[in-house]
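See below for the structure under consideration.
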Amino acid sequence: MQDSYVFSPTLRTVVGFGFRHNKGTSETYFDGSVSNSVFWGFGNVEYRLTDQATLNAGAYVENSRLGDPA
């Protein structure tokens, strides 16, 4: 999910977050089943200083649990 907001012609933002859960089963590769959960969030701010120059700052964070037993 994400949301964009334009404060003015020179300032705009984008923020968002997400979640994904996967599960797989294989006696050969996993000796049973495993699952994976991923959470993430991001944000970005853009400020137009002039027609030729833009200041941009952003961040992304993620938490992933790989290989958890299901």
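The values are calculated or read from the model by the stated rules, or taken from the named source; none is laboratory data. Everything numeric here is computed off the predicted structure, so don't read it as measured data. Cβ placement follows ideal geometry from the backbone for every residue including glycine, while neighbour counts extend to all protein chains displayed. Areas reflect the complete protein model, heavy atoms only, side chains present, ligands, DNA and RNA absent. Shrake-Rupley method; radii C 1.70, N 1.55, O 1.52, S 1.80 Å.
Condition test on V15, is it of a type in the set (A, V, I, L, M), out of contact with any Ser or Thr (no Cβ under 8 Å at 6 or more places or on another chain), in a strand (DSSP E or B) and surrounded by 11 or more Cβ atoms within 10 Å (Cβ to Cβ)?
The answer is yes for V15.
Given the criteria within 11 Å of the chain's Cα centre (by Cα) and either open to solvent by less than 70 Å² (accessible area, probe 1.4 Å) or of a type in the set (F, W, Y) (or both), does F7 qualify?
When the stated conditions are applied, F7 does not pass them.
If I filter region 25-47 down to residues being in contact (Cβ under 8 Å) with a residue 24 or more places away in the chain and aromatic (F, W, Y), which single residue comes out as least open to solvent (accessible area, probe 1.4 Å)?
The first filter runs over region 25-47 and keeps only residues in contact (Cβ under 8 Å) with a residue 24 or more places away in the chain, leaving 25, 32-39, 41-47.
Still in the list and also aromatic (F, W, Y): 39, 42, 47.
Numbers: F39: 100, F42: 62, Y47: 97 Å².
It comes out as F42.
Name every residue in region 48-66 that is of a type outside the set (A, V, I, L, M), loosely packed, with under 11 Cβ neighbours inside 10 Å, assigned to a strand (DSSP E or B) and without any contact (Cβ under 8 Å) to a residue 24 or more places away in the chain, in order of residue number.
N56, Y60
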